[in-house]
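What follows is calculated from the coordinates using simple rules that are stated; it is not laboratory data. Nothing here was measured: the structure is a model prediction, and the numbers come from that model. Note that each Cβ is placed from the backbone with ideal geometry, even for glycine, and that neighbours are counted across all protein chains shown.
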Ligand SMILES: NC(=O)c1ccc[n+]([C@@H]2O[C@H](COP(=O)([O-])OP(=O)(O)OC[C@H]3O[C@@H](n4cnc5c(N)ncnc54)[C@H](OP(=O)(O)O)[C@@H]3O)[C@@H](O)[C@H]2O)c1
């Protein structure tokens, strides 16, 4: 079968990229995808289940190397065939220092745009970003408001913001698909990849979070992999979405922080052994007080407390910067909203607990 459209996908080994690629291939039987991967051997070993192998061409490359480190024949084939790039690859760690985050996320995106520019045909670039490029802004965050900024909570947010600017300024045609934080696969709550949210929840469950930044009106916006991957696969190559920024976020379905902490506590408290430990809910405090608390830990806390506070410092300040992501473009283009956080939060908690129980009984047996 000859391909009608060839695309380049980056980040296809990642949580979202793998799902997005599978959906793109399933939606169009004439689509061929070059996938930029750092390790072709690992790609071939781990993608048996993807199917459609004949239409997927892995090419070795790295966002941090000039020309993406592509071999000349791979680059020539991409430049000859590709008419769209779905760019998901990123350093997604909140704790990366700015130079590292920029080298992958900002400079890497610049290199992707240079390849796009070298292609024979005009290339449409779908850039997968984060809703948290909004950084320290508060209030309603409109999808198209990408010109002003007031700083960021971490280098990841900043480097993704800078990459968005490059895409808007340089791509012949573009769409920016901004995801909220993915916390589980789907409404059943299964967790494939742990992130800062899960780690913060674990600390809370063990009574290690005495304070949490927040204000009246703080909400937690979170999404499932299946909602975001479906949104990306449907909108990345969609003409109607071109030139738009789209929030793949819970939006109005975000959960108030206080309610989220309460339902989480009540769920864990169903277990008498946990209830007996007398763990109390964290005190919600403003950012100034939270910073003093962090400083005290840095000065007098033991090594593990310092590690915990350090890990949280890269993203929990967002909780005291209340914002609601507007999802007008997303709803109009997709025809539906994201599932409200309330619909998958408890199943997600239950999956986390079941996975931890399974891991600890395995450790006892091993
Ligand atoms: N997951 C979320 O909650 C979330 C939320 C908002 C936005 N996003 C955005 O969605 C996109 C995908 O996120 P994800 O959660 O799927 O990420 P992920 O699971 O952390 O995967 C990151 C992907 O980027 C690739 N990558 C990293 N550094 C690279 C480099 N130097 N050269 C080439 N490839 C490189 C990784 O390849 P290797 O396999 O070789 O490491 C992997 O395929 C990212 O752009 C992220 O910013 C994600």
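Miscellaneous remarks
- Each stretch of four or more DSSP H residues adds -39500 (n - 2.57); spread over every residue of the chain, this sum gives -12500 deg cm²/dmol at 222 nm.
- Site pair residue 271 and residue 336 shows an inter-label distance of 3.2 nm when each label is modelled 7 Å from Cα along Cα→Cβ.
- Residue-span extension gain [residue 99 to residue 77] - 0.36 nm each, minus C-alpha spacing: 4.8 nm
- Under a Gaussian network description of the chain, with springs only between Cα atoms under 10 Å, the residue in 221, 343, 91 that fluctuates furthest is 343.
- Over the chain, Cα pairs under 8 Å with separation of 6+ residues give a relative contact order of 18 percent.
- Note: relative contact order over region 1-82, using C-alpha pairs below 8 Å and six or more positions apart, is 31 percent.
- GNM flexibility winner over the chain from 171, 236, 332 (Cα, springs under 10 Å): 332
- Here region 169-241 has an Rg and Dmax of 16.7, 51 Å, counting Cα atoms alone.
- Neighbour counts of C-beta atoms inside 10 Å place 304, 6 in the sequence 304, 6, starting with the fewest.
- Panel order for 323, 160, 276, by other beta carbons found within 10 Å of each beta carbon, from fewest to most: 276, 323, 160.
- The chain - share of DSSP beta bridges that are antiparallel (%, nearest 5): 5 percent
- Sorted by Cβ density within 10 Å, fewest first, the residues 115, 168: 168, 115
- Evaluated at q = 0.11, 0.13 Å⁻¹: base-10 log I(q)/I(0), Debye formula over Cα of the chain: -0.79, -1.07
- Region 175-287 - Rg and Dmax from Cα coordinates, angstrom: 17.0, 57
- Residue among 292, 31, 349 with the largest mean-square fluctuation in a Gaussian network model of the chain, springs linking Cα atoms under 10 Å: 292
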